[in-house]
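Asker: Below is the structure I would like to discuss, written out as structure tokens.
Taken together, the values in this text are just the output of simple stated rules run on the coordinates, not laboratory data. The model shown is predicted, which means the values in this text are computed figures rather than measured ones. Ideal geometry is used to build each Cβ from the backbone, glycine not excepted, and the neighbour counts take in all protein chains shown.
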Amino acid sequence: MAKRTFSIGGIHPHDSKISRECAIRPLPLPPTVYLSVAQHIGAPAKPLVAPGDKVKVGQPVAEPGGFVSAFIHSSVSGTVKSVGPRKDLAGNNQMTIEIAVEGDEWAEGIDTTDTLVTAIPEDNKAILDKIRLGGVVGLGGATFPTHVKLSPPPGSKCECLIINGCECEPYLTSDFRTLLEKGEQVVIGAAIIRQVLGNVRCVFGIEENKPEAIAHIREVIAKLGCEGMEVMSLKKRYPQGGEKQLIDAVMHRQVGSGALPISVGAVVQNVATALAVYDAVQKNKPIVDNSITLTGECFPNQANVLVRVGTPLSFIIDQLGGMPEKAAKVISGGPMMGKAVANLDAATLKGTSSLLFLTAEQTARGEASNCIRCGRCADACPMGLEPFLLNRLAKAGDMEKLEENAVQDCIECGCCLYSCPANIPLLDVIRMAKADVMKIMRARAAAKK
Amino acid sequence: MSQIIIWTIAIITVLGLLLALVLYLVAAKFRVEEDPRIDEVEKVMPGANCGGCGFAGCRAFAEAAVKAPNLDNNYCPVGGNDVMAKVAAILGYEVKAKDPAVAVVRCNGSCANRPVVNTYDGYPSCKVKAALYSGDTGCAFGCLGCGDCVAACQFGALSMDPETGLPVVDASKCTACGACAKACPKGIIEIRPQGPRGMRMYVSCVNKDKGPSVKKACAAACIGCGICAKTCRHEAIVLENNLAYIDSGKCKLCRECEAMCPTGAIHAVGFPKPLDKEAVKARVLERQKKEREAAAAAAAAEKEA
């Protein structure tokens, strides 16, 4: 049988997974951590601590600021030094809790041993509560609070849980290493999520360029005797890890414009999120650390490291031999969707998955020339949009036509920009137009209410 | 042959007359009653269709002005008081005269003042840039330098100064329509009153960070020290979020704040003579010293009593 993949668009960038053999290793604690209160989509969290307070690892330091929001826990033990604005990865001010590290004392009730806890609690409500209190958010990139995603709106029914192990972005290997090294924990985490959703079918979607991970997870599922779980080897194609693309690949169902995955009976969770769910439910351990890939051809000490949330990037880089001379750009995330870091003194967030070092030649943008209407961008768009048209409409500022042509469905994957032979900065312009159209749509929805 | 030509002309003429009649009847039957004053108002408008009044164009403004019970919320910044007086005359309303205004760029972040810490190679638009990150320098508030404001100006009043990398307003062309202020994602452009004989003062910075980090990012930024607010004898300067703001309604244009500002963030425009900073500074310091002595003497006298 031909391997599955999503039905429209997509590209085949070189996967460059040069750090795939690097096992995840913990880094020493930094002298200070900086915990931003906006580490998730939705309302920023509200700080619970004041300067001078003593905190332990895993103690909540900020509470949810709304329904779609999440707890933030201290990732170290020490003294709160300040609560105030600090520059984030993009250089913008963000409310941040600064904690000076003193020792490594964990809060009570957290199981820090490596023993595997296989027995899943029966009470789904209690599980959801633990996920919420553990500050678990989607670690695939969007950082959407997990407890909200696992409470489908009334009237909708989940039929399939997809665990996203595609890691379709080039260079990134932290999910791959997590699958290999913490496979048992990820599978139990998936089993917990599956139980909350009503014992639905559970599919691990893993791309074929990770055969070790596919074999290992199959083994683990057989060993643990998990019911209703399978591993699906998917054809390698970017952006397969996109929620809607993965649902298309696994279930052959398309999520409509503006609709949520639950409308076709699907819930997608990332591998790292499943691990975080395991930690939160079985070990009472909130998200205090995450694994980050440090990679790039010019970076000599390729690594997958486990760092505490809020560790300054400059500290991580120093621990791994300092900034490579040839690096011109540091990207947080993958090369396709990641964002260039403007401020290396900023700290990691829950959702930080990688630091990628690229040279000037690798990031050079060719000079843009005129559109020759070749249609490659439209072929590449996994959402079936026409980027060349959206680009033109965005420059003309025609908001109505932009909305008609579904600019709001753009997932900002960058396939159009990647495939454009004329080097037109399609995504830059479309992203701006999307933000404008979304603003208008939200204002209209608010006016209707 | 001539027969054909005559017939053709006759048929076309008759057809034309018939159709004209039909058009006339339809126009008469489906005539839309429109307030004739809308046309009159539109005629006196500047016709720039810039949207500075908040409406889609001059016609839309005229419609709104005719419909509204008064002219309090409708004002054409481009036409100014002259046009509004004409509009008021047509509609029989009263209009409050407004001070003529001008766009002011509140950023001092020239290449010399603001060290560049990042470079940007994306689409040259401030809006795109602002959505991605804070900008090329350590200042997260200042001008991004891609010229969205210049592109937004319909009157050619804005241009980028290649030396400073900042936009410059040509006051003689600026109509204060506000398009640039709306286009600027950082909100550094303010529409301020032109001031008497074009003389005005403003704080040319919008950075709300605390002093030390601001100073690191830009040599000519407002560091929120508050010296200007203490110097001002007219309570025209308010200090909020580490940033001074001059209320043009209260400012008496004495230029003392300009002389006292340690970073040179306060700008004075349109004055005939350059300021003798040292002299004014000495004068202010002398006055403040006397005030302190007087206050001390008063306190001592109170203590004795």
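Asker: Output the number of the condition that A:LYS285 fails; it satisfies all remaining conditions of (1) surrounded by 17 or more Cβ atoms within 10 Å (Cβ to Cβ); (2) out of contact with any helix residue (DSSP H, G or I) (no Cβ under 8 Å at 6 or more places or on another chain); (3) part of a loop (DSSP other than H, G, I, E, B).
Answerer: Checking A:LYS285 against (1) surrounded by 17 or more Cβ atoms within 10 Å (Cβ to Cβ); (2) out of contact with any helix residue (DSSP H, G or I) (no Cβ under 8 Å at 6 or more places or on another chain); (3) part of a loop (DSSP other than H, G, I, E, B), the one that fails is (2).
Asker: Where the second residue is of a type in the set (Asp, Glu) and the first is under 21 Å from A:ARG237 (Cβ atoms) and lies in segment A:370-394, which pairs have Cβ atoms under 8 Å and are six or more apart or on separate chains?
Answerer: That search, which allows pairs on different chains as well, returns A:CYS377/A:GLU386; A:ALA378/A:GLU386; A:MET383/A:ASP409; A:LEU385/A:ASP409.
Asker: Here's a check for you: in segment A:84-105, which residue that is more than 14 Å from every other protein chain (Cβ to nearest Cβ) and among the β-branched types (Val, Ile, Thr) is surrounded by the fewest Cβ atoms within 10 Å (Cβ to Cβ)?
Answerer: A:VAL101
Asker: Please determine whether any residue of segment B:170-181 is within 14 Å of chain A (Cβ to nearest Cβ), assigned to a loop (DSSP other than H, G, I, E, B) and surrounded by fewer than 21 Cβ atoms within 10 Å (Cβ to Cβ). Outline the logic, then answer.
Answerer: Of the residues in segment B:170-181, the ones within 14 Å of chain A (Cβ to nearest Cβ) are B:179.
Now drop any that are not assigned to a loop (DSSP other than H, G, I, E, B), which leaves none.
Taking every residue of segment B:170-181 in turn, none turns out to be within 14 Å of chain A (Cβ to nearest Cβ), assigned to a loop (DSSP other than H, G, I, E, B) and surrounded by fewer than 21 Cβ atoms within 10 Å (Cβ to Cβ).
Asker: Okay, next question. Does at least one position in segment A:272-282 carry a residue that is within 14 Å of another protein chain (Cβ to nearest Cβ), touching a strand residue (DSSP E or B) at 6+ places or on another chain (Cβ under 6 Å) and either among the hydroxyl-bearing types (Ser, Thr, Tyr) or touching a residue at least 12 places away in the same chain (Cβ under 8 Å) (or both)?
Answerer: Pass one, segment A:272-282, residues within 14 Å of another protein chain (Cβ to nearest Cβ): none.
No, the conditions are met nowhere in segment A:272-282.
Asker: Right, something else. Any idea which of (1) over 23 Å from A:ILE262 (Cβ atoms); (2) touching a residue at least 12 places away in the same chain (Cβ under 8 Å) is the one A:PRO153 doesn't satisfy?
Answerer: Status for A:PRO153: all satisfied but (1).
Asker: Of the residues that sit in segment B:1-49 and are touching a Lys or Arg at 6+ places or on another chain (Cβ under 9 Å) and in a loop (DSSP other than H, G, I, E, B), which one is surrounded by the fewest Cβ atoms within 10 Å (Cβ to Cβ)?
Answerer: Here the residue is B:ASP35.
Asker: Starting from residues that are part of a loop (DSSP other than H, G, I, E, B), within 13 Å of another protein chain (Cβ to nearest Cβ) and free of Cβ contacts under 8 Å to residues at least 60 places away in the same chain, keep the ones in segment A:342-369 and report whichever is nearest to A:VAL136 (Cα to Cα). Break it down stepwise before answering.
Answerer: First, pick out the residues of segment A:342-369 that are part of a loop (DSSP other than H, G, I, E, B): A:342-346, A:348-353, A:364-369.
Narrowing further to those that are within 13 Å of another protein chain (Cβ to nearest Cβ): A:342-346, A:364-368.
If we keep only those that are free of Cβ contacts under 8 Å to residues at least 60 places away in the same chain as well, we get A:344, A:364, A:366-368.
Values: A:LEU344: 25, A:ALA364: 37, A:GLY366: 40, A:GLU367: 43, A:ALA368: 42 Å.
My answer is A:LEU344.
Asker: Name the residue that is farthest from the other protein chains (Cβ to nearest Cβ), counting only residues in segment B:142-164 that are buried (at least 21 other Cβ atoms within 10 Å of the Cβ) and outside any loop (DSSP other than H, G, I, E, B).
Answerer: Among those that are buried (at least 21 other Cβ atoms within 10 Å of the Cβ) and outside any loop (DSSP other than H, G, I, E, B), it is B:LEU158.
Asker: Kindly check whether there is at least one residue in segment A:213-222 that is in a loop (DSSP other than H, G, I, E, B), surrounded by fewer than 24 Cβ atoms within 10 Å (Cβ to Cβ) and free of Cβ contacts under 8 Å to residues at least 24 places away in the same chain.
Answerer: Of the residues in segment A:213-222, the ones in a loop (DSSP other than H, G, I, E, B) are none.
So far as segment A:213-222 goes, no, none of its residues is in a loop (DSSP other than H, G, I, E, B), surrounded by fewer than 24 Cβ atoms within 10 Å (Cβ to Cβ) and free of Cβ contacts under 8 Å to residues at least 24 places away in the same chain.
Asker: Follow-up. What residue, among those in segment B:111-120 that are in contact (Cβ under 8 Å) with a residue 60 or more places away in the chain and buried (at least 18 other Cβ atoms within 10 Å of the Cβ), is farthest from the other protein chains (Cβ to nearest Cβ)?
Answerer: Per the stated criteria, the residue is B:ASN113.
Asker: Just a yes or no: is a residue in segment B:121-141 away from every other protein chain (no Cβ under 11 Å) and in contact (Cβ under 8 Å) with a residue 24 or more places away in the chain? Break it down into steps so the answer makes sense when it comes.
Answerer: Going through segment B:121-141, the residues away from every other protein chain (no Cβ under 11 Å) turn out to be none.
No, that holds for no residue.
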